[in-house]
Amino acid sequence: MTAEEKREFDNSQYTASNIQVLEGLEAVRKRPAMYIGDVSVRGLHHLVYEVVDNSIDEAMGGYCDRIEIIIHKDNSVSVLDNGRGIPTGLHEKENRSALEVVMTVLHAGGKFDKGSYKVSGGLHGVGVSCVNALSTHLTAKVYREGKEFIQEYSCGKPLYEVKAIGESKNNGTLITFKPDDSIFITTDYDYDTLASRMRELAYLNRGITITLQDERETMDDGSLKGDVFFSENGLADFIAYLDENREKLIPEPIAIEGERSDVPVEIAMQYNTSFAENLHSYVNNISTHEGGTHLAGFRRGLTRTLKSYAEKSGMLSKLKFDINGDDFREGMTAIISVKVPEPQFEGQTKTKLGNNEVMGIVDQIVSEHLAYYLEEHPKEAKTIVNKVILAATARHAARKARELVQRKSVLTGSGLPGKLSDCSERDPAQAEIYLVEGDSAGGTAKQGRDRRFQAILPLRGKILNVEKAMPHKIFDSDEIKNMFTALGVTIGTDEDSKALNIEKLRYHKIIIMTDADIDGSHIATLILTFFFRYMHDLIERGYVYIATPPLYLLRKGKTELYAWSEDERARITQEWSVDGTERGMHIQRYKGLGEMNAEQLWTTTMDPATRTLRQVTIENSLEADHVFSMLMGDEVAPRREFIEANAKYAKIDI
Ligand code: 0RA
């Protein structure tokens, strides 16, 4: 072959492989949800996570310690790291630049570095090429070997071959992409969502500095909105953040670290005065909501080691009843993070680790380190065992209280609380229940409802703060007992005290309706906290909603309009205004549900044709937990601040 023939041959090869690649990325554009989950705001944020994960991988290899993220004015996003830089040289097999391969071939991302596996999560590990495919424009810059390289793409297609455009003393990669607004429902990034994930990543990967800047927003002092996330002590710092508003029992979290069969394990745990178990687990930086073998291994190791220590110490001798696994985790906050080379994800949402070998690995590491800790820290060990004894005692009291409640409710005939105005519908999928703040609003709701499918349960005043109360207290609270019996669910058996018998659930829409003011939102938070801690399943299944009553009734002549926000009110008065004033208008501020008559309540808040319900979802259980513990915990000041800043409530992210 002559040189010219060879060039021609290479060119045709280039075109051929290029076409194949385009087909790959075209598939991503045709069915984006298959690759990134969905095209909602969630998928949009996953684009950033995917790019950042590549930099995190580089950092975990020890090559990078800074990642800078910028949200630009047009909602394009830049991610810069100081790693080795994506290789730009010829990729032998593909016959083009490795950078181009990484950016345009599905799953090509980590395949260069043999021996090291891609540990960081990413979105289903699809790679940065998916981000490229779903961006109208992407620029990749690489700083490497003293040079600056660049390649740009449109909807995943290279606009030109990789070229060097200058010199550089630094190493690293800079990716800037603009999500395609013909694919995503929204392309507006939410700062808090990104900040929350970056904070989490900084705790999970100590030593990396992650900065986030928002060019869309300037602060009062003229600077850009932004945060720097960095953690020196990793998971121990994470625990301190999560338990910020809880009273801790031992001075420092217990930190456990080890590695077996190429599986690094990191754990931190702390006990506090609350009664909630607060476990968060991760595999390769991905949150495993449904738990799995790593969590099972942790529980096993914890129970066995603590039990054996407690028995040996003689502290259990006076106890008249048994201790079970739950007792060791009451009032405990723990984070378990493992890195698994080939993770198997199972479960409904694919967030449950299936690899069996991980169970024994975590169990062993926990047992070893914890036993050592207990021996070395007799004072802390004693505090922990006392807490476990308290938990067992409380559980015992709770069982007695529960048995009493259940025996009583059998006696009341129908078994339903007297305060419940039930609906006639018997199919749970078609039936709704409104949990209404106060007897008077409850009365209005009862008049206004469609009794065929809407049940009303009024709740009196503030319900018990379950975040602070001993578990057995929840069976003393009439409001809480009424909720359980009206919904038809009982708390399960002793062994599995938080499992709900969901098949008995009588309504698939549970709607919390409170006044649209601070008190109302506090009461809604109390009710939500209760659902969050004791009926998690209902939230998980999407059965819990919040009603949205209007803030204002505006009247001019015969026209009546409702406003759900200050903005809306301003817009209407402006539209109606003749002389810039509110003359001739009647504006009524609804201070409570009670100020509406039955018909108004029906049209604005209860009629399925016109109402707006906010579904409670736990997108981020970590933030939800942090918020709940703050809102319901001991510290009053942060709570007041938070409620004042977030009176709208939606911000809670649940
Ligand atoms: C493969 C090999 C090498 C670096 C990378 C990938 C890399 C990828 C990304 C993505 C974002 N930032 C990144 N930084 C590095 C290095 C191979 C070598 O230099 O020997």
- Message: Calculate the FRET efficiency for Y63 and S154 from the Cβ-Cβ distance with a Förster distance of 30 Å, rounded to the nearest 0.05.
- Response: 0.50
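Classify the chain as rounded, prolate or oblate, taking a ≥ b ≥ c as the square roots of the eigenvalues of its Cα gyration tensor: rounded when a/c is under 1.5, otherwise prolate if a/b is larger than b/c and oblate if not. Don't jump to the answer; show the numbers that get you there.
On the way: a/c = 2.17, a/b = 1.29, b/c = 1.68.
It is oblate, given that a/c is not under 1.5 and a/b is not larger than b/c.
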- Would you calculate the separation in nanometres between label points at L390 and L319, each defined as 7 Å from the Cα along the Cα-to-beta-carbon direction? 1.5 nm
- Task: Would you kindly find the accessible area of H536, with a 1.4 Å probe and non-protein molecules such as ligands, DNA and RNA excluded, rounding to the nearest 10 Å²?
- Result: 70 Å²
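Using 0.36 nm times the number of residues separating D190 and K30, minus their current alpha carbon distance, what extension gain do you get?
55.1 nm
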- Item | Normalised contact order of the chain, rounded percent, pairs of Cα under 8 Å and 6 or more residues apart | 9 percent
- Tilt, helix 293-313 to longest principal axis of the chain (alpha-carbon atoms), in degrees rounded to tens, equals 60 degrees
- So, in nm, how far is label Q447 from label E145 when the simple model puts each one 7 Å beyond its Cα toward the Cβ? 8.2 nm
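Note down the magnitude of the dipole of the chain about its Cα centre, charges +1 on Lys and Arg C-beta and -1 on Asp and Glu C-beta and zero elsewhere, to the nearest 20 debye.
Working: 80 positive and 100 negative charges, 449 e Å.
Dipole of the chain, to the nearest 20 debye: 2160 debye.
In the structure shown, do any of K248/K318; K339/K504; K73/K93 have a Cα-Cα gap over 31 Å, and if so which?
Working: K248/K318 26 Å; K339/K504 39 Å; K73/K93 39 Å.
In this structure, K339/K504; K73/K93 exceed 31 Å between Cα atoms.
Just add up the charged neighbours of G258: K/R +1, D/E -1, any other residue whose Cβ is under 14 Å from the Cβ of G258.
After counting each charged neighbour, the total is -4.
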- Query: Taking a spot 7 Å from the Cα of K419 along the direction of its beta carbon, which residues of the range 426-456 have an amide N less than 18 Å from it?
  - Reply: 433-447, 455-456
- Item | Rounded if a/c under 1.5, otherwise prolate or oblate - the range 210-283, Cα gyration tensor axes | oblate
- Residues whose placed amide H lies under 5 Å from that of H137, excluding near-sequence neighbours: C155, K178
- DSSP loop (so not H, G, I, E, B), at most 14 other Cβ within 10 Å: list which chymotrypsin sites (Phe, Trp or Tyr not before Pro) in the range 317-401 pass both filters. F321
- Task: Calculate, in nm to one decimal, what D427 and D220 gain on full extension: separation in residues at 0.36 nm each, minus their alpha carbon distance.
- Result: 69.1 nm
- Query: Once the whole set of protein chains is in place, how much accessible area is left on E380, using a 1.4 Å probe, in Å² to the nearest 10?
  - Reply: 40 Å²
- Relative to the longest principal axis of the chain, what angle (0 to 90°, nearest 10) does the C-alpha long axis of helix 439-448 take? 80 degrees
- Query: Which of K307/K352; K307/K387; K312/K473; K382/K473 have a Cα-Cα distance over 22 Å?
  - Reply: K307/K352; K312/K473; K382/K473
- Filtered hits (aspartates and glutamates, Cα-Cα < 13 Å from K379, offset >= 8 within chain) -> E252
- K320: which aspartates and glutamates have alpha carbons under 15 Å from its alpha carbon, excluding same-chain residues fewer than 8 sequence positions away? E311
- Please express the Cα-Cα pair-distance distribution P(r) of the range 512-562 as a list of whole percents, one per 10 Å bin, running from 0 to the bin with the greatest distance. 23, 37, 23, 12, 5
- With r as the distance between the Cβ atoms of Q348 and S565 and R0 = 30 Å, compute the FRET efficiency 1/(1 + (r/R0)^6) and round to 0.05. 0.25
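Using heavy-atom solvent-accessible surface (probe 1.4 Å) with all chains present, what is the largest-first order of R84, R144, R571? Before the final figure, lay out each step's value.
On the way: R84 75, R144 50, R571 140 Å².
Ranking R84, R144, R571 by accessible area, largest first, yields R571, R84, R144.
The range 287-323: which trypsin sites (Lys or Arg not before Pro) are DSSP loop and have at most 15 other beta-carbon atoms within 10 angstrom? All intermediate terms of the calculation are to be shown ahead of the outcome.
Numbers: sites: R299, R300, R304, K307, K312, K318, K320; in loops: K318, K320.
Taking the range 287-323 and a limit of 15 other Cβ atoms within 10 Å, the loop trypsin sites (Lys or Arg not before Pro) found are K318, K320.
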- Task: Please give the helix 636-645 orientation as an angle from the longest Cα principal axis of the chain, in degrees from 0 to 90, rounded to the nearest 10.
- Result: 70 degrees
- Query: Which of the aspartates and glutamates could a cross-linker bridge to K556, judged by Cα under 15 Å and excluding same-chain residues fewer than eight apart?
  - Reply: E575, D579, E582
- Query: At a probe radius of 1.4 Å, what is the per-residue accessible area of M198, in Å² to the nearest 10?
  - Reply: 0 Å²
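The values are calculated or read from the model by the stated rules, or taken from the named source; none is laboratory data. Bear in mind the structure is a predicted one, so any value in this text is a computation, not a measurement. Glycine also receives a Cβ, built like all others from the backbone with ideal geometry; neighbour counts cover every protein chain displayed. What goes into the accessible areas is simple: the full protein's heavy atoms, side chains included, and nothing from ligands, DNA or RNA. Shrake-Rupley method; radii C 1.70, N 1.55, O 1.52, S 1.80 Å.
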